[in-house]
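Notes for the one structure printed next.
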Amino acid sequence: MKWPGVLALLGACGGPGAGSPDAGEVSLVLDIPDGPLAPPMGYTTVEIVLHDGMRDTTRTATVTGSSFELGTIDPTTVSIEATLRNSSGAAVGYGRTATAAAFASGAQIVVPVRRPIAYIAGTVSRDVSTGQIPDLRWTEAPATFSDLSIGANLDGKTQVGSQTVLMVAAGPSLYMITQAIGNTSGLLTGPANLVPVSTSDHQLGAAMAGSLAGGVLDGAGSDDGAALVVGTATQLFAVDTATGMTRVLTDGSFARVAILMTATGELAAVAIKNRGTTAPTCATPTELWWAPLSGGGTPHKVATGGFSDIATDRGRAYYVDACKAELGELTAETTTTLRTVGVAGSQTPTALAVSNFQAYVGVESSPSTTSLQVASLIDLTDPPRTLWTEAAQQVLDVVKLPEVRRQLDASSVAVDHLEIGAGGDYIALTTSAHFRGLELVQVGFPEMTIDTEELRVFDAATGGIVQRYRSWCDGVLVIRGGDISGWECALSAGQTAAAADMYEHHLNSMTFQFGKK
């Protein structure tokens, strides 16, 4: 059950008779779930952004009881974003309309609003060996989520489902994908199933009728909640959420997918084929694909290049090319270069998210450094600015000798996922890093290989880190005579980690409720 959280009356004006009874009124209803995941009480203002083509109008009003007043506005057809903010200005609820709505006299426009929650999902590998050669066993794991409306630190205990390999948000709706995993290979196997997840209390619904073939790699949902697109290692799928049925759009391995609504109101998917799970090597080209979901047309390749990620926003689709260090736009027919991001050959753009003509780009560079850059899609002469940058390091402590520490610099690091939450308030990314430490005989340090995975959530306005969670830190130590044993991964300042081994997992996916990717 859902309830209309707030009601706004907007006087339609801007022409003859403005301000008269003939001008009329428009009701704007924020639809908030009735349950424990309703935006926490205490929000004091509502911020409404009206998108009319390239023009944005922002109105902020104080919430009084269950209503607010936004004043007058010209009659027009707009898409709408709504953000609930508390007294400190933090977003505790966010939502948007799926399509443009007409501001005609007597109209009622409903905007679904949800908490800004980031979900991470993946699998777990455990070393069950008794010797020096690792013997990994793989299992599924529940998804973990970060509820940014309450500001609690992650420790892996906030969980959804039990065998989650991917979480997919579709406007106000949420879905979980489950799939079996080979316990020795770590490969997802067998049919993948979709399960609706309640956004009011995280309760699971009945599994949907259709299933997916191939190991699941990525997924995206439409703002109206009507469709999902899922890329697997063997095919690209469309899912009708009303019937639960799936259909194959085309064959191939699709590791990045997104959905947009065209100017004519038709849904289309954009996807990257042959990317694999890491950024392109440039020696092996990737392909950009366009796949209509409604309105006719057939899936087809648009271009070949070094494409590493795609994003959609406000009816437009964008890409980054890791080999050319460029950010561009794609349509059903062609690609257009917009600007340079990074430096070809040394600063590689590998991840992308877009919100309201601001592009956020994850960049990888040597030596083992990742950064988050933001670039305007309106003023293409304005150079990108760096919101955050860091060289990957990991400190290891000796359990029984806390004064003994070893710092490792990463031999490689990657930005795996990037997404925008709360309409642009938050930017979240996940990284994976590989560390190699040689044996130091003179101090008793063993040879060690360590892998880590982290989620970071940033305040988009300041670049400050709101959440830093290490979901995985594990590796192999080669202990020889005289070497110190019993090492553990240390935490950095401001970092949290899984409360115990049972809460650790790899970050195969990350998505926001009402996210933009």
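The values are calculated or read from the model by the stated rules, or taken from the named source; none is laboratory data. These figures come from a predicted structure and were not determined experimentally. Methodologically, a virtual Cβ is constructed for each residue, glycine included, from the backbone with ideal geometry; neighbour enumeration extends over all protein chains shown.
Residue count for segment 460-510 under the criterion of being β-branched (Val, Ile, Thr) and either outside the structural domain of THR431 (by TED's automatic domain parsing) or not in a strand (DSSP E or B) (or both): the result is 3. From the set of residues in segment 475-507 that are within 25 Å of the chain's Cα centre (by Cα) and of a type in the set (Asp, Glu), which is modelled with the highest pLDDT? Only one residue fits best here, namely GLU504.
Given GLY252, GLY214, GLY265, GLY225, which one is on the phi > 0 side of the Ramachandran plot and surrounded by fewer than 18 Cβ atoms within 10 Å (Cβ to Cβ)?
Details: GLY252 fails: surrounded by fewer than 18 Cβ atoms within 10 Å (Cβ to Cβ); GLY214 fails: surrounded by fewer than 18 Cβ atoms within 10 Å (Cβ to Cβ); GLY225 fails: surrounded by fewer than 18 Cβ atoms within 10 Å (Cβ to Cβ).
From the options GLY252, GLY214, GLY265, GLY225, the qualifying one is GLY265.
Whether a residue is modelled with pLDDT under 90, among the hydrophobic types (A, V, I, L, M, F, W, C) and either over 21 Å from the mean Cα position of the chain (by Cα) or closer than 19 Å to ALA192 by Cβ (or both) was assessed, and ALA263 passes this test. Could you list all residues from segment 194-210 that are surrounded by 17 or more Cβ atoms within 10 Å (Cβ to Cβ) and part of a strand (DSSP E or B)? Selection gives LEU194, VAL195, PRO196, VAL197.
When ALA428 is tested against the conditions (1) surrounded by fewer than 22 Cβ atoms within 10 Å (Cβ to Cβ); (2) under 21 Å from PHE514 (Cβ atoms); (3) not polar (S, T, N, Q), the lone failure is (1). On the stretch given as segment 187-203, residues that are under 27 Å from ARG126 (Cα atoms) and out of contact with any Leu (no Cβ under 7 Å at 6 or more places or on another chain) total 6. If you filter segment 218-240 down to residues that are of a type in the set (Gly, Ala, Ser) and part of a loop (DSSP other than H, G, I, E, B), you find that the one that is nearest to THR312 (Cα to Cα) is SER222. If you go through segment 478-517 and keep only what is in contact with a strand residue (DSSP E or B) (Cβ under 8 Å, 6 or more places away or on another chain), within 27 Å of VAL361 (Cα to Cα) and hydrophobic (A, V, I, L, M, F, W, C), you end up with LEU491, ALA497, LEU507, MET510, PHE512, PHE514.
Are any residues in segment 88-102 in contact with a Leu (Cβ under 7 Å, 6 or more places away or on another chain) and part of a loop (DSSP other than H, G, I, E, B), and if so, which ones? Across segment 88-102, there are no qualifying residues. Looking across segment 34-66, the residues that are part of a loop (DSSP other than H, G, I, E, B), in contact with a Phe, Trp or Tyr (Cβ under 9 Å, 6 or more places away or on another chain), modelled with pLDDT of 85 or more and not charged (D, E, K, R) come down to ALA38, PRO39.
Of the residues making up segment 16-33, not a single one is surrounded by fewer than 17 Cβ atoms within 10 Å (Cβ to Cβ), at pLDDT 65 or above and at positive phi. Going by the structure shown, is THR304 in a strand (DSSP E or B), in contact with a strand residue (DSSP E or B) (Cβ under 7 Å, 6 or more places away or on another chain) and closer than 16 Å to ASP321 by Cα? Judged against the criteria, THR304 is a match. Say we look at segment 317-326 and pick out the residues that are of a type outside the set (A, V, I, L, M, F, W, C) and in contact with a strand residue (DSSP E or B) (Cβ under 6 Å, 6 or more places away or on another chain); which of these is surrounded by the fewest Cβ atoms within 10 Å (Cβ to Cβ)? So the residue we want is GLU326.
Of the residues making up segment 307-337, those that are at negative phi and outside any strand (DSSP E or B) are ALA322, CYS323, LYS324, THR331, ALA332, GLU333, THR334. Quick one: THR243 ticks every box in (1) surrounded by 16 or more Cβ atoms within 10 Å (Cβ to Cβ); (2) of a type outside the set (Gly, Ala, Ser); (3) within 20 Å of VAL168 (Cα to Cα) bar one, so which box is it? It is condition (1) that THR243 fails.
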